[in-house]
Each structure stands twice: as structure tokens, then as C-alpha cells.
Amino acid sequence: MKAIEMSQDSLASAFPTEEVSITQPTRLRVLAVLSALMGFASISTDLYLPAMPTMANDMHADSGSMELTVSGFLIGFSLGQLL
């Protein structure tokens with residue numbers, strides 16, 4: 001088996017090492033968006049949990065089924081953050 005040898009020039013052209021500069025307003029915008037996304041989970045559960053008994057009555061569902069919707073939301077939200 002032959003070993004693959006690459007010169008420094010060909011390696012540099014294959015993997016450019018150009019630095020990307022991110023400006024301060026861009027960093028602040030990214031921080032604001034990420035902070036808002038993190039707040040959605042707590043705001044959503046704080047608004048959803050007090051309404052669960054009323055929703056269960058309106059949908060003629062038992063409390064276990066309503067609790068599954070909260071679990072589904074939390075699983076979906078955590079998977080969304082991973083992506």
C-alpha cells in the first residue's frame with residue numbers, strides 16, 4: 001500500500017485557513033437571537049401548564065394524555081436545539 005504524500009502547498013490549498021472576522025453588532029445579534037430561543041421553552045411551559053385542566057376538559061381527554069403533550073414539546077424542543 002502506498003502512503004499518500006501531500007506537499008504543504010497542496011495541503012494549504014485543500015484546507016484554506018482564512019480567518020473570518022465577526023463584527024461586534026453581528027455578535028450582539030447572535031447573542032440576542034440565542035437568548036430569545038432559550039427563553040421560549042420556559043415561557044411556553046409557564047403559559048401551557050396552567051391551561052392544562054381546561055384543555056383536558058375541552059378535549060375530553062384524561063390528564064395523562066395532556067401530560068404527554070408537555071413531554072412531546074420538551075423532547076421536540078431539545079431535539080431542535082441539537083440541530
Report task. Answer yes or no as to whether residue 65 is in a helix (DSSP H, G or I), at pLDDT 90 or above and over 18 Å from the mean Cα position of the chain (by Cα). Result -> yes
Report task. Would you check if residue 50 is modelled with pLDDT under 90 and surrounded by fewer than 10 Cβ atoms within 10 Å (Cβ to Cβ)? Result -> no
Requested in this report: Find all pairs meeting these conditions: Cβ atoms under 7 angstrom apart; at least six residues apart or on different chains; first residue within region 41-52 and closer than 15 Å to residue 81 by Cβ; second residue open to solvent by 60 Å² or more (accessible area, probe 1.4 Å) and assigned to a helix (DSSP H, G or I).
Outcome: 44/73
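The values are calculated or read from the model by the stated rules, or taken from the named source; none is laboratory data. Remember, it's a predicted structure, so these values are computed and weren't measured experimentally. Because the Cβ atoms are built from the backbone with ideal geometry, glycine has one as well, and the counts that use them run over all protein chains shown. The protein model used for the area step is the full one, side chains on, heavy atoms only, and it has no ligands, DNA or RNA in it. Shrake-Rupley method; radii C 1.70, N 1.55, O 1.52, S 1.80 Å.
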